[in-house]
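So the structure is just underneath, and the comments pick up after that.
No value in this document is a laboratory result; all are computed from the given coordinates. Since the model is a prediction, treat every value here as computed from it, not as a measurement. Here the Cβ positions follow ideal geometry from the backbone for every residue, glycine too, while neighbour counts run over all protein chains shown.
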């Protein structure tokens, strides 16, 4: 199956970079946050994914066609976004390919950003953010930098596989999870996730514009949110906040 | 899978031709426009697609059987139409085969014509047309010739893959997108797309007969429109006009 | 897939014969007509299809088991019938196998008989018959013999593939299409198709018994008609009479 | 696919035996009859089928696990039963494997027992039994022994394939078909089938206990009947009594 | 398929250990019992399953990611749990892999714990427990130790395959089946299963804490119970208590 997925490189890919993953998921938190990063840091498109496992779609920006799943970067950063929900049956090979390619590019750390749905999101003024990490040392470091740890819980979908394949490849990996709506685009949760990212790394952006453009983003993201929700359902990612059973 | 698709050549295929793609899609704009071109320019059938991935159908014209997906041409033009909606699962291999074959025939440019659905189509007297192109030079050329550029948007289905595979093969590629009904055959949109094509190329036809035969075409195309709509749904091509998220 | 289909020969197969194809389809016209031919001409079973692509069914005649898809023949005739609707996913390999085998037996002509649904069938006293042919010479011959030509239209399913594969193999092929009910067995249409067959070939039978047994056949064929209808739906063969779009 | 099916032998398998097939089917006639035979003749378990094509089920008898599809035997008899409906997609490879194995064991005759549904079963005091056979000699023999012949009809599912593969392998094969309920376990029909078996072979058992235990069997068999019905539906085995069309 | 399943070892795996299997099933009896064992005996995680056949899920415990299907152990014990219902299509390769790996580790005995649904569970104060075993000697041993034998019945799913593959590999295997709710987590049934395990082995834990935490466990296990129920349905594991037919 992996033969039907290619990553086509358009520019020199930075070596030993930090890779930030923001694929469509709960509240589109990771996608909104990472897209904003790309825009604020003026990252340029360095590669894209070409695969028959993704829907037959091309995205137009300024009249020019783009693949929906693209890689942006500068000297020490690679950011992955997709303007299309990854179909549930494709999530394994797509994530595997991204991480294989990341390993080939000697990525130093992987940070995935995402949302954790909370039922009463609308009554929360300031969503909480939690962290998880692939090993105890990283986890201690997060704690030291003031990140609350997500002690018990499930990760499902892109973030789960980002973490799983990172571990298989011995690439240090961090997950940032902001409380968010389940199926409404949540720019505020994205902004808070970015603040947490700034705490633990040198990737720092001013999120004020993101908060200002909140309503506009919510409108533009309505359709991709709807499709993302369908795929989450197929991945059996439920709206409820689940606790693992382990007694 | 590609083994189960063949393009059977009936005549000498022109080399270094312009290829015009008009497969069933939104409002059947591309199909109606390209069929009309074939008829007006007296293009002759030069090849057809033979594949078990397409439905078990034969089309009769003047008592003689034809494959539904056919290639017409003259010395410097190849036109592709299908009198049958391409089933969603077959869209990748079918488009791949068409473009592989086009590359083998040293096609110089690919122009795909199609529709973009607008909600209030019935209240629009003169639909707008937009262009997109595979690179900046082509895009500038379109602008110079007075074509409005489709700045932000999605292309889904045949036109998306026509563009995607052209880029992979370094074949200059243009998309012409006319505002149209989503699921009613739209000969007027087809006529306007043809006018735009005349602006940017030497493929020029008088569209008056197309406009006159509007009602007749709408009736004849009812069934293929219905089936095309089913396949668009399976490709998740929605009726709404979507804006990409990229912040 | 073709490995899972075998044609088992029970008798010597005639060489350079005319092959008549009557598989379950619209109104069971072809099946009823061909079965009647077999019975009137006392053709004997010469081969049958053995395949896991067909349902797990055996037909009993006089207490002895038979495959549902069988070949009958005499010195210069091969007739193909199936007492079971061919499942839509099997239609390609089944028809391919029949025509491959026909080619190996040096079949000279293929004649498929079938129905074309008309909405007001019950108010038609004498259904019309139309012909189509794989090349212009044959078509002219049909016209000369008084056959009306089916100028514009679609063929879907067994008849479409019979025609398609004949063309691929350069075997002259004729389709006889009688106006008929869509989903009621139509012995009258079958009788009229046989009369047309008599016009264009030396295969001539008295159809009076077929017309007399009309009611009995309709009753016996109720179940196979129902199943055939299911498969026609899966092949997207609609009840409406469609006109191709080609402008 | 056949690699994923094994028949595991637990005892020496008799050579040149008669093989009796009683898989779940209409009214569970064959299964009930064959199970009763096994019990009355004290046949011992000699082999079982091990396959991932069958559901993940183990049957407990006296606390010990058994495969659902098992072979019992003595010196000159092999009896096949399954305490689980064979899933429709597995019916081809399962029957193929049983008959391949039977052939390897030089089985002399195959007798399959089953039911044919009659609509008014509840008003029939003494169900009728019919026979069918793989060749004319066998059929004449059945007639001589007083068996009514099933002149026209369909066999669907295990009995059809038992007959089909026997013919392919030149193993003489008989089908015994008792009138029965379609989807209620029918021990009376099973008893009558056994009586018919006694007529044509030396396999003779007293069926009085079977008739006495009727109600108990009906209760125990309720669940397997329900699942068998689901699989019959998937095999398109209808409740109606069909007549083949062949005119 | 087995290539896509790996068991990744994190610690030295004990050789010749007893393997206890507690995968999600009826009432989550096996999972709750085995999880409690792991916690009470302070077993450490020694291996986990890595497979694309399992959903894209990672479980967080104390901020660190874990695979849902994990192996715990000490010097002479291996315990298998999954915090995720095994999808029905994956049950064969997953169980096969677990048992292959167990065989490679020279496992001496396999004990699977599970529930058997009883309709009136809520009116039963003390659920009964039954045993089954892969051979008569083991069964006699169970009886000697005071275990009631499950004389007649079906095992479906993980326990069935645990038993089936153990037999294929000649590994002595025991099933412990406690009466339980079908689709409510049943910690009391788990406690009683553990008491029975203590009778027949040296694996003994005090179940009082398990009973105390009953309500908490039921709440935490709600979601995994719901998903397990879906998979049981797909495995055709019904809520009713079935008796095998074998007459």
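Quick notes on this one:
- In nanometres and ascending order, the distances from the residue D:152 label point to those of the other copies are 4.4, 4.4, 7.1, 7.1 (point 7 Å from Cα along Cα→Cβ).
- Semi-axis lengths (Å, descending) of the ellipsoid that matches the C-alpha gyration tensor of segment D:109-247: 24, 20, 14
- For segment E:1-48: rounded, prolate or oblate by the Cα gyration tensor [a/c cutoff 1.5]: oblate
- Global geometry of chain B, whether rounded, prolate or oblate, following the gyration tensor of its Cα atoms and the 1.5 cut on a/c: rounded
- Summarising the strand pairing of segment A:106-245, around 35 percent of its internal DSSP beta bridges are antiparallel.
- Cα convex hull of the protein assembly as shown, projected area averaged across orientations, nm²: 51.8 nm²
- Stokes-Einstein D (µm²/s) once Rh is taken as the Kirkwood radius of segment E:72-117 over alpha-carbon pairs, at 25 °C in 0.890 mPa s: 200 µm²/s
- Under the criterion of Cα pairs below 8 Å and six or more residues apart, the relative contact order for chain D equals 25 percent.
- Gain on full extension, evaluated as 0.36 nm per residue between residue C:216 and residue C:151 minus their Cα-Cα distance, stands at 20.0 nm.
- For segment B:22-105, averaging the sequence separation of C-alpha pairs within contact (under 8 Å, six or more residues apart) and dividing by the residue count gives a relative contact order of 31 percent.
- Helices in chain E, meaning DSSP H runs of at least 4 residues, each add -39500 (n - 2.57). Divided by all residues, the mean residue ellipticity at 222 nm is -10500 deg cm²/dmol.
- Peptide C:146-157 is shielded by partner chain Cβ atoms: per residue, an average of 4 of them sit within 10 Å of its Cβ.
- Taking every alpha-carbon pair under 8 Å whose residues sit at least 6 apart, segment C:113-247 reaches a relative contact order of 33 percent.
- Centre-to-centre separation between the Cα atoms of segment A:108-158 and those of segment A:185-206: 12 Å.
- With q set to 0.16 Å⁻¹, the log10 of I(q)/I(0) for segment D:132-214, from the Debye formula over equal scatterers at the Cα positions, is -0.71.
- Global form of segment E:1-107, assessed from the alpha-carbon gyration tensor, a/c cut-off 1.5: rounded
- With label points defined 7 Å past Cα in the direction of Cβ, position residue C:140 shows copy-to-copy spacings of 5.8, 5.8, 9.4, 9.4 nm, given to one decimal and shortest first.
- Bridges between two residues of segment C:1-150, per DSSP, are antiparallel at a rate of about 65%.
- Counting from the shortest, the label point at residue B:76, 7 Å from Cα toward Cβ, is 5.6, 5.6, 9.0, 9.0 nm from the same position in each remaining copy.
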